[in-house]
Each structure stands twice: as structure tokens, then as C-alpha cells.
Amino acid sequence: MSGIALLSSPIPLRSCAAPARSLRCLVISRRGTVRMCAAATRSPALSFEGMAVKPPSHPTYDLKGVIKLALAEDAGDRGDVTCMATIPADMEVEAHFLAKEDGVVAGIALAEMVFHEVDPSLKVDWTKKDGDYIHKGLQFGRNSVIVAERVVLNFMQRMSGIATLTKAMADAAHPARILETRKTAPVLRLVDKWAVLIGGGKNHRMGLFDMVMIKDNHISIAGGVTNAIRSVDMYLKQRNLQMEVEVETRTLEEVKEVLNYASETNTSLTRIMLDNMVIPLSNGDVDVSMLREAVGLINGKSETEASGNVTLETVHKIGQTGVTYISSGALTHSVKALDISLKIDTDLALKVGRRTKRA
């Protein structure tokens, strides 16, 4: 999917009337026909081989199902009535993806899946791949599908925004690794976490099922951090389960208590979260002395994760304390989408973009 030569000739688009029933969407195919097809049409299984960055694994997540829902959400029960009403028969056009701001592109592989769902015969020509840097005004792909335009752009803009912020924070956090959280858009968790991987980050737990994460409320109910970890160790042993275990600590005393328990017990604990040990100062800076002391106490006996008061401005200082990971909910819960469009008349689009300072 990377660096494929652009098509040498425009692709003919043909129009046709929509049937009256069923959940359907307009298809404009590479073979030059426009037809109506059921959004639930099954297509051959997609392979993740060859992807620049593969999506994270999930035991129950149906990525194709999400794509179908997104297409059906747009097409409704009639399809693209505007397209059917305005595109004459035998019209020859081609459309280009156009970057309207600088950033890291993400969602190209997912866009391929959307186009494949609309028409398995369709091929898009990309000059960039997921994770590449794109500049304002760059044309980085060409295709002939209009029905999937908004669905593809919605995915790509959000994913590219996440990847761009992740890349900036990951670079600043080095040598620490940057993690996202579960603060993702409902139903789009795998997509959001995929974008983090494309941006150079590392995934935290996918959900409640794949990692034990003992947080403040669990500790309070269990009657203390030692009791909470002990309960987890017993639970995993009784069920013969092996998985990562993380515990949240809020004070140096809790860190010492965790270390004391771990030194005396064969525990499943793998990571200690150091929560809100980055203290904001009135001048906009942060005090990381408590975090640094906690990392020193742990001294490599466990992975460490800094959480709280993590921003693009503070992450470099946090990363220099020796923590293994830095987690930030901002990567996904309040990300700004990267401005990307799909245009047929790219010359006019660029002219308008320059007028509005968006190209």
C-alpha cells in the first residue's frame, strides 16, 4: 500500500436509479459502473499482511462490522441521492486526497477496508503509507469512490489527529514510552488504539479483560494496596490465569508498601502506576521530584507508569525521570482531527484553500 504509481487515466463513473428497499449504498467502482449494493454484503476476508502498522488484536471486536455500520449510517435506506441526481452517465472524473495541514497520516489501511467493503474490485493509488508525515497541500492518494468519502475521511481525520499528537508526545517522552488509556470514542477503541500505534506509541490494555489494573477504588474497597494485590494473586492462581498486573499508587508510602509485599511474596505484579506524582507549578512548569524519588525507590524491580498532568509541554520532563511508560488520556479523548479532504477539482480546492489559509 505504499508508494504505488498513480493511475494514468481518469476513471469513468456511471449513474443508475436506486432500488426502493433494503439498506444500501451507492458504489462507484474502478470498473466504471455505479450500482446499488447491500451494505451488509459479505466480501472476502481481509488480510493484515503488508500493512505498515497492523491493528491491535481484540478477541471480540468486529472491525468490518464497524465499517458496515458507518456506511449504513450515511447511506440510510436510499443511498447517496445527491450523487445519483447529479452525476451524469459516462462522466469521467478522479478524486484526490488532499492534506490541509501538516501531520502524521493514519487510517490509510482502514480506508482500504472501507473501499473494499463498498466494492472489492476497487483499488486506490496511494503515494503515502500509514505513519508517514504529510504536508499542507499534498495530494497523497487517488480514487473513484464518492459514496465512501465522508466515512473514509471521518476515520482518517480522527486517526491522523491521534497519530500526529502521539508522534509529538512519543518523541518528547523518549526514552519513556507513551501510552493511551481507555478514554476512547465508544465503539472506536480499536481504531483509536491503532492510530496510537501508527503514531509511534504503545497500547495500554485494550479493555477490562486483558490486564488486571488495580486502581484507587479497588484499593479502597479491598482495605489497602497490599490486600488488593494479594486478592489479585489469589484470583489468578485459582483460575490458572497469566496476565499483566498493574497497581496504582498515590503516595511514596504506598510505593514502599507495594515493594515490601513484592519482596516477600511470589506476586503477579508487573507494573506500578505512579499517579499524580507530577505536581503543576504556578509558573506553568511541573515538579517531578516526587516521581523521580518513586522511580528511584522501585529501582528497576518493576515497570513504572507515570499518570496525571501529562501534556505535550510536560511530557519531556516526565520522560527524563526514568519511568518506563507515560500514559495520557488526551491522545484519544480530546484529540483535534487532522484536516484532510477528498477533492475532484484539486486546482480549485487549492485555490480556495490558499484563500482561507488552509492549503
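Descriptive notes on the structure:
- Number of the exception - V187 against (1) open to solvent by 10 Å² or more (accessible area, probe 1.4 Å); (2) among the hydrophobic types (A, V, I, L, M, F, W, C); (3) under 13 Å from S307 (Cβ atoms): (3)
- Where strands (runs of 3 or more DSSP E) sit wholly within segment 60-143, those with at least 3 residues that are closer than 28 Å to T164 by Cα occupy 95-99, 139-143.
- Complete set of residues in segment 103-128 that are buried (at least 20 other Cβ atoms within 10 Å of the Cβ) and of a type in the set (K, R): K128
- Residue pairs meeting the criteria (Cβ under 6 Å; at least 6 apart or on separate chains; first over 19 Å from L190 (Cα atoms) and assigned to a helix (DSSP H, G or I), in segment 206-234; second of a type outside the set (S, T, Y) and open to solvent by 70 Å² or more (accessible area, probe 1.4 Å)): V225/E257; T226/E257; A228/H218
- When segment 191-203 is filtered for residues that are open to solvent by 20 Å² or more (accessible area, probe 1.4 Å) and in a loop (DSSP other than H, G, I, E, B), the ones remaining, listed by number, are G200, N203.
- L348 under 25 Å from the mean Cα position of the chain (by Cα), farther than 22 Å from T181 by Cβ, modelled with pLDDT under 95 and not in a loop (DSSP other than H, G, I, E, B): no
- Total residues in segment 157-193, condition out of contact with any helix residue (DSSP H, G or I) (no Cβ under 7 Å at 6 or more places or on another chain) and closer than 22 Å to A52 by Cα: 14
- Within segment 238-267, being among the basic types (K, R) and without any contact (Cβ under 8 Å) to a residue 24 or more places away in the chain holds for one residue alone: R239.
- Selection from segment 307-322 of residues that are under 10 Å from V286 (Cβ atoms), open to solvent by 50 Å² or more (accessible area, probe 1.4 Å) and assigned to a loop (DSSP other than H, G, I, E, B): N309, T311, E313
The values are calculated or read from the model by the stated rules, or taken from the named source; none is laboratory data. Note that the structure is predicted; figures quoted are calculated from it, not measured. In this analysis, Cβ positions are derived from the backbone assuming ideal geometry, glycine residues included, and neighbour counts consider all displayed protein chains. Protein only, heavy atoms only, side chains kept; ligands, DNA and RNA dropped before computing areas. Shrake-Rupley method; radii C 1.70, N 1.55, O 1.52, S 1.80 Å.
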